[in-house]
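In what follows, a structure is listed as structure tokens, so that the remarks can point back to it.
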Amino acid sequence: MKSYAARRAKLIARMRADGGGVAIIPTSHEVMRNSDADYPYRHDSYFYYLSGFTEPEAVIVLVAGETPQAILFCREKELEREIWDGFRYGPEGARSAFGFDAAFPISALDIEMPKLLADSPALYYGLGSDAKLDAQVQSWLGAVRRQARSGVSAPARLHDIHVLLNEMRLFKDADEMASMKRAAAISAEAHARAMRFSRPGLTEYQVEAELLHEFRRHGSDAPAYTSIVAAGTNACVLHYRAGSAVLKEGELVLIDAGCEFESYASDITRTYPANGTFSEPQRTLYEIVLASQTAAIAAVKPGNRFNDPHDAAVRVLVQGMLDTGLLDKNKLGSLDDAVANGDYRRFYMHRTSHWIGMDVHDVGDYREAGEAKSAPHEKPWRILRPGMALTVEPGIYVRPAPDVPEQYWNIGIRIEDDALVTESGCEIISSDAPKTVADIESTMRH
């Protein structure tokens, strides 16, 4: 509770520094799947970041004025509904448990909000994120404006609350790091379990079941995203979902999967041979990707730019592509020329990193704000600082083509880890997932 209250206080302080106002942060809606069944509910990340409250039908209102206030609107305590849907805090219980200054039933939102917005200098709200609430906000502003002849003024400025929250969420505190480390540890064990379980003849969905079992067995809330379990040529499809394809002798399996723990995501990818032993072409490409990831991880340190790990990975990957004949040395010339040419993108078409946190592709600007532009239409990449968290995930994906050595056809390899930027470099929190050729083959023998 202390972390959530501290975050609310920090956000209010930033609002007051901008002149004050009222912020509105809603949680997610429940969504029907079919008939009378809902999709599994997951609260909104911004809302949870400020509250720790996981019930649907709730809104946080922060008042950044002379007397700062953090207010929660939530469902009423209703014993009849608890019989069907489970425990509810109710306004008073939630106020006490989660440290809010005041709480109201969600049904009172239309009554209380015009009062709270009256004479407020600004509204902080994520316009466009929730159509239903957008309409309510417009009605509240209209109600305040209709009081103009009585001397009441409506907010004159609108700020996107997500801009302030994104910057806060980009830097993880100790509690967040602990949750992320636990998520990564669970996911690393799930990857090892999948390796030990795998063998030719099994299906992708059977391997996926092992991942899900390990996630839930250790208290994970849910997968952080839809798991990718891709056998053979399916590994060359970047967003492939686990299907019914069979793991075959002599082919690789690519798993991109991570669990969510205490609302924080992990994101790990490992690639391994279905039969437990890499072939020579598989090993060759795997070692190139692993070396590129090692170079990228070395570039994750304070003072470097967000793009530096990507640039480091690309240089190693391109050199490997030249050495193996995936790229034509005679045509492309030097390594620098080959990187500049961009032909490598047919084998490596995505970026090396993204932020990670409450969302697997977490919020936060990738470019520096306010710096002089290094090019007419481009701001400099973000400077890495302690507390940031990002993935490092280079890969090689080789589809059959006449100009590509046949021994590499249909090989897809990606290696991904989660990194926390520290004072001196970075901490790889997913390192327990077997990664070297020797460790993978040893794990699969046991």
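The values are calculated or read from the model by the stated rules, or taken from the named source; none is laboratory data. It should be emphasised that the depicted structure is a prediction, and the values quoted were computed from it without experimental measurement. Every residue, glycine as well, gets a Cβ built from its backbone with ideal geometry; the counts of neighbours run over all protein chains shown.
For the stretch 35-47, a tally of residues being surrounded by fewer than 21 Cβ atoms within 10 Å (Cβ to Cβ) and not in a loop (DSSP other than H, G, I, E, B) returns 4. Here the stretch 107-141 is the region considered, the condition is being surrounded by 14 or more Cβ atoms within 10 Å (Cβ to Cβ) and hydroxyl-bearing (S, T, Y), and the residue that is nearest to the chain's Cα centre (by Cα) is S129. What's the number of the only condition in (1) farther than 24 Å from I428 by Cβ; (2) hydrophobic (A, V, I, L, M, F, W, C); (3) modelled with pLDDT of 95 or more; (4) out of contact with any Leu (no Cβ under 7 Å at 6 or more places or on another chain) that A242 fails to meet? Unmet for A242, out of (1) farther than 24 Å from I428 by Cβ; (2) hydrophobic (A, V, I, L, M, F, W, C); (3) modelled with pLDDT of 95 or more; (4) out of contact with any Leu (no Cβ under 7 Å at 6 or more places or on another chain): (3).
The residue pairs whose first member lies in the stretch 346-367 and is more than 19 Å from D417 (Cβ to Cβ), whose second member is modelled with pLDDT under 95 and part of a loop (DSSP other than H, G, I, E, B), and whose beta carbons are closer than 7 Å, counting only pairs six or more residues apart or on different chains, are R367/K379. The listed residues are S442, S374, and the only one of them that is modelled with pLDDT under 95 and more than 30 Å from D175 (Cα to Cα) turns out to be S374.
Sort out which residues of the stretch 142-154 are buried (at least 17 other Cβ atoms within 10 Å of the Cβ) and part of a helix (DSSP H, G or I), and write them in order of number.
A143, V144
Every condition in (1) surrounded by fewer than 18 Cβ atoms within 10 Å (Cβ to Cβ); (2) touching a His at 6+ places or on another chain (Cβ under 6 Å) holds for R270 except the one numbered (1). L133 meets all of the listed conditions (1) closer than 22 Å to L384 by Cβ; (2) assigned to a helix (DSSP H, G or I) but one, namely (1). Can we say S139 is in contact with a helix residue (DSSP H, G or I) (Cβ under 8 Å, 6 or more places away or on another chain), in the same structural domain as I60 (by TED's automatic domain parsing), assigned to a helix (DSSP H, G or I) and not acidic (D, E)? Here the answer is yes, as S139 does meet what is asked. Yes or no: the stretch 200-222 includes at least one residue that is under 30 Å from K10 (Cα atoms) and touching a helix residue (DSSP H, G or I) at 6+ places or on another chain (Cβ under 8 Å). Among the residues of the stretch 200-222, at least one is under 30 Å from K10 (Cα atoms) and touching a helix residue (DSSP H, G or I) at 6+ places or on another chain (Cβ under 8 Å), which makes the answer yes.
Inspect all residues belonging to the stretch 25-34 and state whether any of them is of a type in the set (A, V, I, L, M, F, W, C), in a strand (DSSP E or B) and touching a helix residue (DSSP H, G or I) at 6+ places or on another chain (Cβ under 9 Å). Within the stretch 25-34, one or more residues are of a type in the set (A, V, I, L, M, F, W, C), in a strand (DSSP E or B) and touching a helix residue (DSSP H, G or I) at 6+ places or on another chain (Cβ under 9 Å). Regarding E92, is this residue without any contact (Cβ under 8 Å) to a residue 60 or more places away in the chain, among the acidic types (D, E) and within 19 Å of V22 (Cβ to Cβ)? No; evaluated as a whole, the condition is false for this residue. Looking at D403, D418, just one residue is within 30 Å of N234 (Cβ to Cβ), surrounded by fewer than 17 Cβ atoms within 10 Å (Cβ to Cβ) and acidic (D, E), and that residue is D403. Would you pick out the residues in the stretch 234-290 that are of a type in the set (V, I, T), in contact with a strand residue (DSSP E or B) (Cβ under 7 Å, 6 or more places away or on another chain) and assigned to a loop (DSSP other than H, G, I, E, B)? Matches in the stretch 234-290: V237 only. Only one of these is in contact with a strand residue (DSSP E or B) (Cβ under 8 Å, 6 or more places away or on another chain), among the basic types (K, R) and closer than 23 Å to Y41 by Cα: R182, R157, R216. Name it. Going through R182, R157, R216 in turn, just one is in contact with a strand residue (DSSP E or B) (Cβ under 8 Å, 6 or more places away or on another chain), among the basic types (K, R) and closer than 23 Å to Y41 by Cα: R182.
Closer than 30 Å to A156 by Cβ and in the same structural domain as Q147 (by TED's automatic domain parsing): is that true of R14 in this structure? Don't jump to the end; show me each part of the working.
Details: closer than 30 Å to A156 by Cβ: yes; in the same structural domain as Q147 (by TED's automatic domain parsing): yes.
Against the criterion (closer than 30 Å to A156 by Cβ and in the same structural domain as Q147 (by TED's automatic domain parsing)), R14 qualifies.
Only residues that are part of a helix (DSSP H, G or I) and in contact with a strand residue (DSSP E or B) (Cβ under 9 Å, 6 or more places away or on another chain) were counted across the stretch 91-118, and they come to 16.
Considering each residue of the stretch 65-74 in turn, none proves to be in contact with a Pro (Cβ under 8 Å, 6 or more places away or on another chain), surrounded by fewer than 21 Cβ atoms within 10 Å (Cβ to Cβ) and either in a loop (DSSP other than H, G, I, E, B) or not polar (S, T, N, Q) (or both).
Of all the listed residues (F261, F171, F197), the sole one being without any contact (Cβ under 8 Å) to a residue 60 or more places away in the chain and either more than 21 Å from I356 (Cβ to Cβ) or not hydroxyl-bearing (S, T, Y) (or both) is F197. For the stretch 321-336, a residue qualifies if it is of a type in the set (D, E, K, R) and more than 34 Å from the chain's Cα centre (by Cα), and the qualifying residues are D323, D328, K329, K331.
As for the stretch 27-45, it holds no residue that is touching a Pro at 6+ places or on another chain (Cβ under 9 Å), outside the structural domain of Y264 (by TED's automatic domain parsing) and of a type in the set (A, V, I, L, M). For the stretch 41-89, a residue qualifies if it is acidic (D, E) and touching a residue at least 24 places away in the same chain (Cβ under 8 Å), and the qualifying residues are E55, E57, E76.
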